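The values are calculated or read from the model by the stated rules, or taken from the named source; none is laboratory data. These figures come from a predicted structure and were not determined experimentally. We place every Cβ from the backbone using ideal geometry, glycine too, and count neighbours over all the protein chains shown.
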Amino acid sequence: MNRTAILTALLPALLLTAACGAGAGQDADAPVVLGASLSLTGPLGTIGRPQQAGLERLVADVNARGGVQVGGVRRELALRVLDNRSEAAAAGQQASELILKDSAAALVGGCTPPINTPIAQIAEKNRVPLVTSCFPLGAFRDAAPAGGWTYAWDFHFEETEQARVLVEAAGLAGAAKKAALFTDNEVDGVIQRKLFRDAAVKAGYEIVGDYTFPVGQSDFSSFVNDAKRAGAEVVLGQMIPPDGIALVKQMKSLSYTPKVIGIAKAADTASWLDGLGELADNTVHNGFWVPDRARPATAAFLKAMEGRFADTASLGIAAAAYSVGEVVADALARAGSTDPEKLNEAIGATKGAFVFAEVAFGPDHTSPTPVTAEQWQDGVTRQVFPAVEGVTLRTPPLGLE
C-alpha cells in the first residue's frame, strides 16, 4: 500500500499502537488523530494533492496555537494520510485502517462520489464521524443508507446550481442555441447529464448531441464529428481530467470549434492547463470558492498558500479541506471529548464562518456552498459568472481556432 504519513509538529508519541475504535488506548493528552484517504495519485491526483495541502496547513496552524482544548487539556492534532490512488476499493480499505489501526477520532477529506461513498460507509459502520467538502450534495444524499446518514457530514455545492451556472455562463457568448453534452457514466456524470439537459432546455437550447461513455474512454472522435455536423456551438461536460483532456485534443484534430466548452471536474485544476497548454485558454469550468479576504483567517490562509497553486480551483480545494479540519477542530473543542458520539453530535451542531464558507448542517447532514463559473484566460482562471468587474467571457477557445 502506498502510504503517506503526515505528522505535523508532533512528538514521538505519535507512533500510536493499533486499537479497536477511534481514540482507544490513547492518553488523555495524546494528539488527536484525523485520518484521510486521499487521491494523491491516479486520475484524481490533482484534486487529492491540494486537499492534502489544505489539511496539512490546518494541522500546522492549530498546533502552532498549542492545539485544541479538549476536556480541559490542550491536545495537538495529528494528520494521517493514505493514498488511495483514485481507487474506490482502496479508499474503503484505508478508511477502516485509519479507524482501527491509527485510532482516528474523525475521518476527513476524500473527493468525488466514487471515492467518498465507501469512506462514508466505513464511517457509518464504525460509528466514527466523517466530514468532507468534496461530495456534490445530490450524490451525497443519494448514497445515504435507509434513514439517512448518521456519521457522515458534507459541505459542497448543489449540482442543480452547478449546471445552471455553467449554462448561464455559456449564454454570455451569444452562441447559437445548440448544445452537445459529454458525460461519463460515474455518479457525477449520470446526475449532471440530466441537470445539464434540464438547465439548457430551460435556457432555450436545443440538445443536438447527448453522449455518454465509460470513465477512462480515450476515443471521442465519433461523438466529436457528430456534434460538429449538428452545429453544436456549446459543449457541456462532466468527466475526469484525463478524459476531458483527450476530448479537447480530439476537437482540435477534427477541426471542431464550438464557441463555448464548459467541462465540470476535468477543467477544474492545473492538470487541465498542464495537459492542454494553449488549448485550455478560454475553456470554462465551475469554481466553488470566492474568498472573503476581509476575514483575518482567510487572509492568513491565502498568505500561507501564496504561490502554491496557479489556479483558483486548486486553491479552493485546499481551502475546503482546510475548513474540513476547522469544522472538526471546532467540534472537538465544543464536545470536550474525542468520544465518537459526543464529537458527532458537536459536528452536527456546527454553525459558523470558516475559511472556505459558512457551514451549518441541516437534517440531511449537508451544508450548501456557492458555485461560480470560471474561465481559463492566459494561463490562470478568472470568474466570469456571476459577473465581476473587469472580467468578461472570451470566445472561442483560442487553441481550437
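Could you list, in sequence order, the residues of segment 336-351 that are of a type outside the set (S, T, N, Q), part of a helix (DSSP H, G or I), in contact (Cβ under 8 Å) with a residue 60 or more places away in the chain and out of contact with any strand residue (DSSP E or B) (no Cβ under 6 Å at 6 or more places or on another chain)? Spell out how you get there, then give the answer.
Of the residues in segment 336-351, the ones of a type outside the set (S, T, N, Q) are 336, 339-343, 345-349, 351.
Restricting the remaining residues to those that are part of a helix (DSSP H, G or I) gives 340-343, 345-348.
Those left that are additionally in contact (Cβ under 8 Å) with a residue 60 or more places away in the chain: 340-341, 343, 347-348.
PRO340, GLU341, LEU343, GLY348, listed by residue number.
Go through segment 290-307 and report how many residues are at pLDDT 90 or above and not aliphatic (A, V, I, L, M).
Step one: list which residues in segment 290-307 are at pLDDT 90 or above, which gives 296-306.
Applying the additional criterion that residues be not aliphatic (A, V, I, L, M) yields 296, 298, 301, 303, 306.
Summing the residues that are at pLDDT 90 or above and not aliphatic (A, V, I, L, M) in segment 290-307 gives 5.
In segment 45-73, what count of residues is obtained for those that are out of contact with any strand residue (DSSP E or B) (no Cβ under 8 Å at 6 or more places or on another chain), in a loop (DSSP other than H, G, I, E, B) and at pLDDT 95 or above?
Total satisfying the criteria: 1.
Picking from GLY231, GLY275, which residue would you name as being on the phi > 0 side of the Ramachandran plot and without any contact (Cβ under 8 Å) to a residue 60 or more places away in the chain? Reasoning before the result, please.
Numbers: GLY275 fails: on the phi > 0 side of the Ramachandran plot.
Only one candidate qualifies: GLY231.
Filtering segment 352-375 down to residues that are among the aliphatic types (A, V, I, L, M) and outside any loop (DSSP other than H, G, I, E, B), which residue is nearest to GLN238 (Cα to Cα)?
Our first condition is that a residue be among the aliphatic types (A, V, I, L, M); within segment 352-375, this holds for 353, 355, 357, 359-360, 371, 373.
Filter once more, so that each one left must be outside any loop (DSSP other than H, G, I, E, B): 353, 359-360, 373.
On the way: ALA353: 30, VAL359: 26, ALA360: 28, ALA373: 14 Å.
Looking at the filtered set, the residue picked out is ALA373.
Return the residues of segment 33-71 that are closer than 27 Å to GLY275 by Cβ and among the basic types (Lys, Arg); say none if nothing qualifies.
Within segment 33-71, ARG49, ARG57 meet the criteria.
Test VAL167 against the criterion of being over 22 Å from GLN93 (Cα atoms) and of a type in the set (Val, Ile, Thr), and give yes or no. If you could, list the steps in order and put the result at the bottom.
Working: over 22 Å from GLN93 (Cα atoms): yes; of a type in the set (Val, Ile, Thr): yes.
In short, yes.
Would you call ARG85 within 23 Å of ALA152 (Cβ to Cβ), of a type in the set (D, E, K, R), touching a Gly at 6+ places or on another chain (Cβ under 9 Å) and not in a helix (DSSP H, G or I)?
Values: within 23 Å of ALA152 (Cβ to Cβ): yes; of a type in the set (D, E, K, R): yes; touching a Gly at 6+ places or on another chain (Cβ under 9 Å): yes; not in a helix (DSSP H, G or I): yes.
Yes: the conditions hold for ARG85.
Kindly establish whether ARG308 is under 25 Å from GLY35 (Cβ atoms), in contact with a Pro (Cβ under 9 Å, 6 or more places away or on another chain) and of a type in the set (D, E, K, R). Full working, then the answer.
On the way: under 25 Å from GLY35 (Cβ atoms): yes; in contact with a Pro (Cβ under 9 Å, 6 or more places away or on another chain): yes; of a type in the set (D, E, K, R): yes.
The answer is yes for ARG308.
Condition check ((1) part of a strand (DSSP E or B); (2) in contact (Cβ under 8 Å) with a residue 24 or more places away in the chain; (3) assigned by TED's automatic domain parsing to the domain that holds GLU124; (4) surrounded by fewer than 24 Cβ atoms within 10 Å (Cβ to Cβ)) across all residues:
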{"site": "GLY148", "(1), (2), (3), (4)": "no, yes, yes, yes"}
{"site": "VAL167", "(1), (2), (3), (4)": "no, yes, no, no"}
{"site": "PHE182", "(1), (2), (3), (4)": "yes, yes, no, no"}
{"site": "PRO242", "(1), (2), (3), (4)": "no, yes, no, yes"}
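Of the residues in segment 244-271, how many are in contact (Cβ under 8 Å) with a residue 40 or more places away in the chain and either among the basic types (Lys, Arg) or out of contact with any strand residue (DSSP E or B) (no Cβ under 7 Å at 6 or more places or on another chain) (or both)? Full working, then the answer.
Within segment 244-271, the subset in contact (Cβ under 8 Å) with a residue 40 or more places away in the chain is 247-248, 251-252, 256-265, 267-271.
After this cut, where a residue has to be either among the basic types (Lys, Arg) or out of contact with any strand residue (DSSP E or B) (no Cβ under 7 Å at 6 or more places or on another chain) (or both) as well, the list is 251-252, 256-257, 259, 265, 269-271.
Adding up the residues that qualify gives 9.
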